[in-house]
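The values are calculated or read from the model by the stated rules, or taken from the named source; none is laboratory data. Not measured: the values here are computed from a predicted model. Backbone-built Cβ (ideal geometry, glycine too); neighbour counts: all protein chains shown.
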Amino acid sequence: MRIVTWNIRKNPDAVAFAFDSLGADVLLAQECHTRELSGLSVVGANIEERWVKHKWGNYTFSKMLLARVEFPTDYKGSLTVTTVQTATGLLGLINIYGLFERIGPGETKKLVTPGIHRKLSDLSPLLWRKAPGAIDRFVIGGDFNHDRRMDTHPSFKKLKATPFSGLFARVEDFGMTDLLHAQFPEGIQTFRAVRGEYPWQLDHVFVSNKLASTCDISVHDSSEVHKMSDHNPVILDL
């Protein structure tokens, strides 16, 4: 089973590319406004949460039937949870996006970290298997807009903020493995910044620990991808 996570930057051609050229069975798409595609099961919503509204959001596409998982959250456009039935049982799919949101109504300052932590809190009952109809296997993928190396990057050290890597440690505390970090401990570029040449890794994939030994992870970088998005798709083979 191949799962692709990709910030497609509102490019509808990227959805077809993920399935036709990358061989996806499932696509976790961020910054997407494609609501349907022939032959695919689709679950998602545009962002309209707290003080933020966009004409795009998170959409999950699958060759297999998806079922939406309902749970209490204020992040219905940048946090999509579905399940899919696989040959080895039910698999939970969490499509997450690190949205820059205003810190309050009428405020101009925007941050990512508080929203991601709120989303993880909303997900806690599911990930701790305390919710009704508990799921015991998960894949979390998406554009977190976070990189572990922000802790040591000069621009971010000036902020004197809580270590950015703490966010990833929190996900791992749910019994999840950070596959890209395990495969590329020094980081691997998934985002081509508009300014500067630092090889940011803003996109991430976590899987339940029990799945980690059965997974292969890679990042696809090609001229075709560059034409569609400034993010590279991350490919998980499960």
Read through the list (1) touching a residue at least 40 places away in the same chain (Cβ under 8 Å); (2) farther than 18 Å from ASN7 by Cα, then give the number of the only condition that GLU224 fails. (2)
When every residue in segment 112-133 that is over 19 Å from TYR75 (Cα atoms) and among the basic types (Lys, Arg) is compared, the one surrounded by the most Cβ atoms within 10 Å (Cβ to Cβ) is ARG129
What are the residues in segment 62-99 that are under 23 Å from VAL52 (Cα atoms) and either of a type in the set (A, V, I, L, M) or touching a Cys at 6+ places or on another chain (Cβ under 8 Å) (or both), if any? VAL69, LEU79, VAL81, ILE94, ILE96, LEU99
So in segment 1-49, with the set limited to residues that are in contact with a helix residue (DSSP H, G or I) (Cβ under 8 Å, 6 or more places away or on another chain) and not in a loop (DSSP other than H, G, I, E, B), which one is nearest to ALA193 (Cα to Cα)? TRP6
Filter result (exposed (fewer than 13 other Cβ atoms within 10 Å of the Cβ), modelled with pLDDT of 95 or more and of a type in the set (Gly, Ala, Ser)) within segment 170-196: ALA182
May I ask you to list pairs of residues, at least six apart or on different chains, whose Cβ atoms are under 7 Å apart, with the first in segment 99-127 being in contact (Cβ under 8 Å) with a residue 12 or more places away in the chain and of a type in the set (Val, Ile, Thr) and the second being assigned to a helix (DSSP H, G or I) and surrounded by 12 or more Cβ atoms within 10 Å (Cβ to Cβ)? THR113/LEU167; ILE116/LEU167
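Can you tell me which residue within segment 18-38, out of those that are surrounded by 24 or more Cβ atoms within 10 Å (Cβ to Cβ) and over 16 Å from HIS231 (Cα atoms), is nearest to the chain's Cα centre (by Cα)?
Filtering first and then ranking leaves VAL26.
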Can you name the residue in segment 39-80 that is among the basic types (Lys, Arg) and farther than 24 Å from THR113 by Cβ and is also nearest to the chain's Cα centre (by Cα) among such residues? ARG68
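Which residue out of SER218, SER165 is within 19 Å of ASP143 (Cβ to Cβ), at pLDDT below 95, small (Gly, Ala, Ser) and under 17 Å from the mean Cα position of the chain (by Cα)? Give the steps one after another, and end with the answer.
On the way: SER218 fails: at pLDDT below 95.
Result of the check over SER218, SER165: SER165.
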Among what's in segment 134-159 and is exposed (fewer than 15 other Cβ atoms within 10 Å of the Cβ) and basic (Lys, Arg), pick the residue that is nearest to the chain's Cα centre (by Cα). LYS157
The lone exception for GLY142 - which of (1) in contact with a helix residue (DSSP H, G or I) (Cβ under 6 Å, 6 or more places away or on another chain); (2) in a strand (DSSP E or B) it fails: (1)
What are the pairs, 6+ residues apart or on separate chains, where a residue within segment 75-88 that is part of a loop (DSSP other than H, G, I, E, B) has its Cβ under 6 Å from a residue that is of a type in the set (Phe, Trp, Tyr)? SER78/TYR97
Scanning segment 39-54 residue by residue, those surrounded by fewer than 13 Cβ atoms within 10 Å (Cβ to Cβ) and either under 15 Å from ALA24 (Cα atoms) or at pLDDT 95 or above (or both) turn out to be GLY39
